[in-house]
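Every read-out reported here was derived from the displayed coordinates using simple, explicitly stated rules and does not represent laboratory data. Small disclaimer: the values here were computed from a predicted structure and weren't measured. No Cβ is skipped: glycine too gets one built from the backbone with ideal geometry, and neighbour counts run over all protein chains shown.
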Amino acid sequence: MKQKNTSINIALTLSVLFTMVLLALRIAKTNDWFYIFYVWNTFLAIVPLLFSRQLLKQSTLNGKAIFFLLGWILFFPNAPYIITDLIHFDNTIGSLRWYDLLLVMSATWNGLILGLISLMEVEKFMSKYLQPIWLNLFVFLGLLLCGFGIYLGRFLRFNSWDILTKPYDLLHASAHQAMHPVENFKTWGFSFLFSIMLCIIYYTLKKLPHFFKRGNE
């Protein structure tokens, strides 16, 4: 298990470094700092993985485990949120277009895989306490909340830190969206569709090891 985690950590580190090298080379070549936000957004995408790793170290669902679980829930949307940064690709023109496509796609992959691996680790921990049907419901609700969090970040411009700096504004906006679902159809349509997409990717990734294992039998 330790060797498996080491291999995953190396792969994730190389993936993030690849994006950062692309970004550094772009800045050095053009002196254009437009995509520098990927440094901060990638760091935020790593945070939920840090929480899930600490959660896995807990032997029971104690106070520390609940703290790490809540921290993961709070920061989890930051990882797949990077997918929405694809809209910034429209700012690229000329000969950099294909280079920037590689940059934004690699950053998108980082956010997606960092977030989904953290979800796998949280699911592994929660599997000790939930039956399969409830565990699957937990995963789906986590992804639905993730979609909602991405909406709050992309369209209402909230971030995870606002739970501390702007708690009233964040709770008021969230409550309004939840209490008026028909009026806020766009909100829940986006959240639901985004969560379905993440579910498809998540369960596909989970099935791949079984597929290749079965093919070798």
Subject >> Matching residues in the stretch 145-198 - criterion: being closer than 22 Å to ILE83 by Cα, outside any helix (DSSP H, G or I) and of a type in the set (A, V, I, L, M) >> reply: LEU156
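Kindly evaluate SER52 against the criterion of being over 21 Å from THR84 (Cβ atoms), in contact (Cβ under 8 Å) with a residue 24 or more places away in the chain and of a type in the set (S, T, N, Q).
Numbers: over 21 Å from THR84 (Cβ atoms): yes; in contact (Cβ under 8 Å) with a residue 24 or more places away in the chain: yes; of a type in the set (S, T, N, Q): yes.
Answer is yes for this residue.
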Subject >> Top-ranked residue of the stretch 1-20 - restricted to ones that are among the hydrophobic types (A, V, I, L, M, F, W, C) and closer than 18 Å to ASP85 by Cα, ranked as nearest to the chain's Cα centre (by Cα) >> reply: VAL16
Subject >> helices (runs of 4 or more DSSP H) enclosed by the stretch 1-114 - at least 2 residues per element that are within 27 Å of ILE196 (Cβ to Cβ) and in contact with a Gly (Cβ under 9 Å, 6 or more places away or on another chain) >> reply: 37-56, 63-75, 78-81
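Can you tell me which of PHE76, PHE89, PHE68, PHE34 is among the aromatic types (Phe, Trp, Tyr), free of Cβ contacts under 8 Å to residues at least 60 places away in the same chain and within 21 Å of CYS146 (Cα to Cα)? I'd like the intermediate steps shown before the answer.
Values: PHE76 fails: free of Cβ contacts under 8 Å to residues at least 60 places away in the same chain; PHE89 fails: within 21 Å of CYS146 (Cα to Cα); PHE34 fails: within 21 Å of CYS146 (Cα to Cα).
None of the other options fit; the residue is PHE68.
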Original post:
Taking the stretch 129-139 as the region of interest, how many residues are surrounded by fewer than 19 Cβ atoms within 10 Å (Cβ to Cβ) and touching a residue at least 12 places away in the same chain (Cβ under 8 Å)?
Top reply: 3
